[in-house]
Amino acid sequence: MKQLLDNCTFVIFGATGNLARTKLMPALYHLCMDDLLPKDITILGVARSIADRDEWLTELRSDLKGCVRDGLDEAVFKRFCSHLDCLRTGLRTTEDYQQLSDYIEKKNFSKNIAFYFSLPPSLYAAVVASLSGIGLLKQEQGWRRVVVEKPFGSDLETAKNLQRHFERCLEESQIYRIDHYLGKETVQNVQVFRFANLLLEPLWNRNYIDHVQISHAETIGIGSRSVYYDGIGALRDMIQSHLLQLLSLVAMEPPVSMQAEDLRDEKVKLLRSISAIPKGSVSSHAFRAQYAAGDVDEKMVKGYLQEENIPQDSVCETYAALKLYINNWRWRGVPFYLRTGKRMKEKHSMIAICFRQTPKQFFRTSQLEQFKPNWLLIGIQPDASLRMELTVKKPGLEMQTKVISLDASFNDDVSRDAYEGLLLDVMEGDHSLFLRSDEVEESWKIIDPVLRSWASQQDYIRTYDSGSWGPEESLRLFEKEGQRWRSSLEPE
Ligand SMILES: NC(=O)c1ccc[n+]([C@@H]2O[C@H](COP(=O)([O-])OP(=O)(O)OC[C@H]3O[C@@H](n4cnc5c(N)ncnc54)[C@H](OP(=O)(O)O)[C@@H]3O)[C@@H](O)[C@H]2O)c1
């Protein structure tokens with residue numbers, strides 16, 4: 001439990017946007033409900049389209065009603081509202097920022113200020129420069145922190161550029177690059193599971209692990225995010241950020257300590273150890289496709305090209321898969337397969353670790369039956385779980401085997417949204433679950449060759465039916481005959 005946080009002012013730029021309404025405000029409401037916010041915190045919503053406080057609160061009330069745990073509690077909402085204020089302003093001119101600065105001064109809000117950029121990424125550099133220009137990032141009377149959402153850049157070069165803008169105005173310690181995946185309970189549990197249990201450590205290497213799969217599948221399409229999504233695609237949207245973060249947690253060496261810098265040092269070291277995808281071999285390491293119309297949850301849905309505002313010749317990928325190798329002592333030769341897709345058969349995020357076959361298969365009942373390797377499955381969503389598959393004898397007189405799953409699910413404990421912990425971490429000044437600049441750049445370095453190669457192929461993209469697990473052709477990434485994507489936590 002977090003406690004005794006500094007009093008602070010939490011400024012949300014883009015308070016009328018999707019993220020603020022569906023994630024940030026509900027998370028802050030829940031923190032208020034559980035008495036975890038600083039006692040006198042002010043949450044200041046800033047946007048151009050806020051009419052006035054009353055109207056903003058009315059909209060907020062209706063947003064929260066639809067998404068908070070156990071329904072909206074009127075007493076909690078009243079208490080929450082006592083912390084809320086808003087300011088209608090653009091983020092364009094020096095006067096806009098002066099207005100913000102004067103407002104904070106006039107209302108005597110706390111001088112510890114976090115600025116949350118829930119804004120289009122194209123504004124990040126200008127907003128940070130303007131805040132700095134007006135002196136709002138100076139830490140003379142209190143701390144000043146900036147929280148930026150992904151994506152941080154759209155490739156290595158733009159990420160470096162953006163970083164240069166940030167460096168001119170901020171110390172690295174003032175920047176919180178958020179990847180909300182890292183706030184998920186199960187993701188954090190990967191660290192505990194690996195570093196608080198000795199059991200698996202001797203097996204956690206190339207001698208015992210055949211390959212690792214990390215997947216994130218969604219049943220939804222791009223919805224109303226077409227303008228944002230079409231220029232981005234699945235590789236940037238999911239793999240560069242979330243899935244590479246998962247990979248680094250699964251594969252990194254034990255850090256010197258669990259302090260933020262030690263943790264981030266190890267993640268960076270791991271990302272730097274990933275072998276670059278050679279320009280000429282992108283097609284054997286990466287695969288892309290786009291959803292066509294199909295049947296999801298017994299409902300016919302449109303294909304990507306039929307979605308609103310999507311150009312008819314778009315080759316933006318909604319499915320991306322990658323094979324990576326980590327060129328270090330522990331992992332050399334072990335393929336890591338990353339996969340993400342929209343409009344897939346089921347919604348799931350999971351890490352699946354496939355162990356090697358036993359050296360000799362004693363209990364095969366016939367030559368045809370393939371003896372199953374052990375799998376360790378870490379479900380991230382919707383099932384937060386940990387399962388180990390083992391082969392046991394089927395009861396009966398004959399020597400037959402079956403796969404069972406030791407299930408250590410912890411669904412009941414996972415009611416908190418990832419943003420709740422992360423917002424508290426910002427207030428507390430804990431960087432452990434936020435990305436450092438070198439981490440972001442290393443991630444872009446890994447996918448840059450694929451981005452470049454795909455950008456040069458503008459005439460064709462494979463499609464897959466909505467409601468499927470994606471194109472069968474993606475199996476060509478697998479090293480061994482017969483290997484497949486693992487799509488379920490249930491024994492196969
Ligand atoms: N939505 C998600 O689930 C999600 C998930 C992960 C990351 N993100 C990231 O979070 C950020 C916000 O996403 P979002 O989905 O909330 O976007 P959004 O719905 O488009 O909201 C963006 C907000 O920015 C404000 N804004 C837009 N243009 C502006 C301008 N020129 N000057 C000042 N304010 C401007 C808008 O408010 P006004 O027009 O009222 O000023 C709007 O409230 C993005 O960086 C996105 O990549 C979002």
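When Val315, Val268 are checked against the criterion of being of a type outside the set (D, E, K, R), surrounded by fewer than 21 Cβ atoms within 10 Å (Cβ to Cβ) and at pLDDT 95 or above, Val315 stands alone in meeting it. Write out, first by first residue and then by second, each pair whose Cβ atoms fall under 7 Å of each other, whose residues are 6+ apart or on separate chains, and whose first residue, in the range 467-478, is part of a loop (DSSP other than H, G, I, E, B) while the second is polar (S, T, N, Q). Taking only residues 6 or more apart or on different chains, the pairs are Trp469/Ser487.
Report whether or not Asp63 is part of a helix (DSSP H, G or I), more than 15 Å from Val11 (Cβ to Cβ) and within 14 Å of the ligand (Cβ to nearest atom). Answer is yes for this residue.
Do we find that Thr42 is within 21 Å of Val148 (Cα to Cα), more than 16 Å from the ligand (Cβ to nearest atom) and under 27 Å from the mean Cα position of the chain (by Cα) in this structure? Break it down stepwise before answering.
Working: within 21 Å of Val148 (Cα to Cα): yes; more than 16 Å from the ligand (Cβ to nearest atom): yes; under 27 Å from the mean Cα position of the chain (by Cα): no.
Answer is no for this residue.
Filtered by the rule that a residue be assigned to a helix (DSSP H, G or I) and within 13 Å of the ligand (Cβ to nearest atom), the range 113-130 gives Pro121, Ser122, Leu123, Tyr124, Ala125, Ala126, Val127, Ser130.
Of all the residues that make up the range 371-410, how many are assigned to a strand (DSSP E or B) and either within 21 Å of Gln213 (Cβ to Cβ) or among the aliphatic types (A, V, I, L, M) (or both)?
20
The set of residues in the range 109-141 that are touching a residue at least 40 places away in the same chain (Cβ under 8 Å) and touching a Cys at 6+ places or on another chain (Cβ under 8 Å) comprises Ser110, Asn112, Ile113, Ala114, Val128, Ala129.
Here's the yes/no breakdown for (1) within 16 Å of the ligand (Cβ to nearest atom); (2) among the hydroxyl-bearing types (Ser, Thr, Tyr):
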{"site": "Gln191", "(1), (2)": "no, no"}
{"site": "Ala196", "(1), (2)": "no, no"}
{"site": "Glu201", "(1), (2)": "no, no"}
{"site": "Ser215", "(1), (2)": "no, yes"}
{"site": "Glu218", "(1), (2)": "yes, no"}
{"site": "Gly223", "(1), (2)": "yes, no"}
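Residue selection: Leu243 fails the criterion of being assigned to a helix (DSSP H, G or I), closer than 30 Å to Phe115 by Cα, more than 12 Å from the chain's Cα centre (by Cα) and of a type outside the set (S, T, N, Q).
Quick check: is even one residue across the range 414-423 in contact with a strand residue (DSSP E or B) (Cβ under 7 Å, 6 or more places away or on another chain) and not assigned by TED's automatic domain parsing to the domain that holds Phe287?
As a first pass, look at the range 414-423 and keep what is in contact with a strand residue (DSSP E or B) (Cβ under 7 Å, 6 or more places away or on another chain): 422.
This time we only want the ones that are not assigned by TED's automatic domain parsing to the domain that holds Phe287, so: 422.
Within the range 414-423, one or more residues are in contact with a strand residue (DSSP E or B) (Cβ under 7 Å, 6 or more places away or on another chain) and not assigned by TED's automatic domain parsing to the domain that holds Phe287.
Given the residues Ala51, Ala75, which is the only one that is modelled with pLDDT under 95 and out of contact with any Asp or Glu (no Cβ under 7 Å at 6 or more places or on another chain)? Let's see the steps before the verdict.
Values: Ala75 fails: modelled with pLDDT under 95.
Matching residue, one of Ala51, Ala75: Ala51.
Under the condition of being part of a helix (DSSP H, G or I) and among the charged types (D, E, K, R), which residue from the range 425-442 is nearest to Glu157 (Cα to Cα)? Write out each step before concluding.
Of the residues in the range 425-442, the ones part of a helix (DSSP H, G or I) are 425-428, 437-442.
Filter once more, keeping what is among the charged types (D, E, K, R): 425, 428, 438-439, 441-442.
Numbers: Asp425: 29, Glu428: 32, Asp438: 13, Glu439: 14, Glu441: 9, Glu442: 11 Å.
Looking at the filtered set, the residue picked out is Glu441.
Going through (1) in contact (Cβ under 8 Å) with a residue 40 or more places away in the chain; (2) within 12 Å of the ligand (Cβ to nearest atom); (3) under 29 Å from the mean Cα position of the chain (by Cα) one by one, Thr89 falls short only on (3).
Among the residues of the range 92-112, those identified as out of contact with any Leu (no Cβ under 8 Å at 6 or more places or on another chain) and more than 16 Å from the ligand (Cβ to nearest atom) are Asp102, Glu105, Lys106, Lys107, Asn108, Ser110, Lys111, Asn112.
Every residue, every condition in (1) within 27 Å of Leu24 (Cβ to Cβ); (2) part of a strand (DSSP E or B); (3) aliphatic (A, V, I, L, M), yes or no:
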| site | (1), (2), (3) |
| --- | --- |
| Tyr181 | yes, no, no |
| Val187 | yes, no, yes |
| Gln191 | yes, no, no |
| Asn207 | no, no, no |
| His211 | no, yes, no |
| Glu261 | yes, no, no |
| Leu270 | no, no, yes |
| Ala289 | no, yes, yes |
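Checking the structure you have, find out if any residue of the range 165-188 is at pLDDT 95 or above, within 16 Å of the ligand (Cβ to nearest atom) and basic (Lys, Arg). Taking every residue of the range 165-188 in turn, at least one turns out to be at pLDDT 95 or above, within 16 Å of the ligand (Cβ to nearest atom) and basic (Lys, Arg).
Is the range 13-26 home to any residue that is assigned to a strand (DSSP E or B) and either within 16 Å of the ligand (Cβ to nearest atom) or surrounded by fewer than 21 Cβ atoms within 10 Å (Cβ to Cβ) (or both)? Yes - at least one qualifying residue is present in the range 13-26. Which of (1) within 16 Å of the ligand (Cβ to nearest atom); (2) exposed (fewer than 15 other Cβ atoms within 10 Å of the Cβ) is the odd one out, the single condition Gly71 does not satisfy? It fails just one condition, (1).
Total residues in the range 85-106 satisfying the condition of being of a type outside the set (A, V, I, L, M) and within 23 Å of Leu424 (Cα to Cα): the figure is 2. Scanning the range 104-145 for residues that are closer than 22 Å to Ala20 by Cα and surrounded by fewer than 16 Cβ atoms within 10 Å (Cβ to Cβ) returns Pro120, Ser122, Leu123, Ala126.
Sort out which residues of the range 142-195 are of a type in the set (Lys, Arg) and more than 28 Å from Glu105 (Cα to Cα), and write them in order of number. Step through it out loud before you land on a result.
Of the range 142-195, the ones of a type in the set (Lys, Arg) are 144-145, 150, 160, 164, 168, 177, 184, 194.
Within the range 142-195, Lys150, Lys160, Arg164, Lys184, Arg194 qualify.
Here is the figure for the range 149-163: residues that are away from the ligand (no atom under 12 Å from the Cβ), more than 13 Å from Tyr176 (Cα to Cα), buried (at least 17 other Cβ atoms within 10 Å of the Cβ) and not aliphatic (A, V, I, L, M) total 1. When we screen Gln357, Gln361 for residues that are at pLDDT below 95, closer than 17 Å to Phe478 by Cβ and out of contact with any Gly (no Cβ under 9 Å at 6 or more places or on another chain), the only hit is Gln357.
The values are calculated or read from the model by the stated rules, or taken from the named source; none is laboratory data. Please read these numbers as outputs of a predicted model, since none were measured by experiment. Every residue, glycine as well, gets a Cβ built from its backbone with ideal geometry; the counts of neighbours run over all protein chains shown.
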